[in-house]
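Contents: one structure, followed by commentary.
Every number here is computed from the coordinates shown, using simple stated rules; none is lab data. Only a predicted model underlies this, so the values are computations on that prediction, with no experimental measurement involved. Note that we place each Cβ from the backbone using ideal geometry, even for glycine, and neighbour counts take in every protein chain shown.
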């Protein structure tokens, strides 16, 4: 989540300038739905400075 990252340089966090907050730890993403449901997910990669 955007609120879980901070800027590496001290500016506003963005692509290539973001890291996880010190009080957060990486966790797996678990998505659960009922059979037949449709889920649309949009990911934003702030770790790479260019689009990958």
Original post:
Taking the stretch 28-39, which residues are more than 11 Å from the chain's Cα centre (by Cα) and within 21 Å of residue 3 (Cα to Cα)?
Top reply: 28, 30, 31
**OP:** Run residue 46 past the list (1) free of Cβ contacts under 8 Å to residues at least 24 places away in the same chain; (2) surrounded by 11 or more Cβ atoms within 10 Å (Cβ to Cβ); (3) touching a strand residue (DSSP E or B) at 6+ places or on another chain (Cβ under 8 Å) and report the number of the one that doesn't hold.
**Re:** (1)
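Among the listed residues 32, 25, 21, 3, identify the single one that is exposed (fewer than 13 other Cβ atoms within 10 Å of the Cβ) and touching a helix residue (DSSP H, G or I) at 6+ places or on another chain (Cβ under 7 Å). Before the answer, list the steps.
On the way: 32 fails: touching a helix residue (DSSP H, G or I) at 6+ places or on another chain (Cβ under 7 Å); 25 fails: touching a helix residue (DSSP H, G or I) at 6+ places or on another chain (Cβ under 7 Å); 3 fails: touching a helix residue (DSSP H, G or I) at 6+ places or on another chain (Cβ under 7 Å).
Within the list 32, 25, 21, 3, the selection yields 21.
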Original post:
Quick check: anything in the stretch 9-17 in a loop (DSSP other than H, G, I, E, B), in contact with a strand residue (DSSP E or B) (Cβ under 7 Å, 6 or more places away or on another chain), touching a residue at least 40 places away in the same chain (Cβ under 8 Å) and surrounded by 10 or more Cβ atoms within 10 Å (Cβ to Cβ)?
Top reply: no
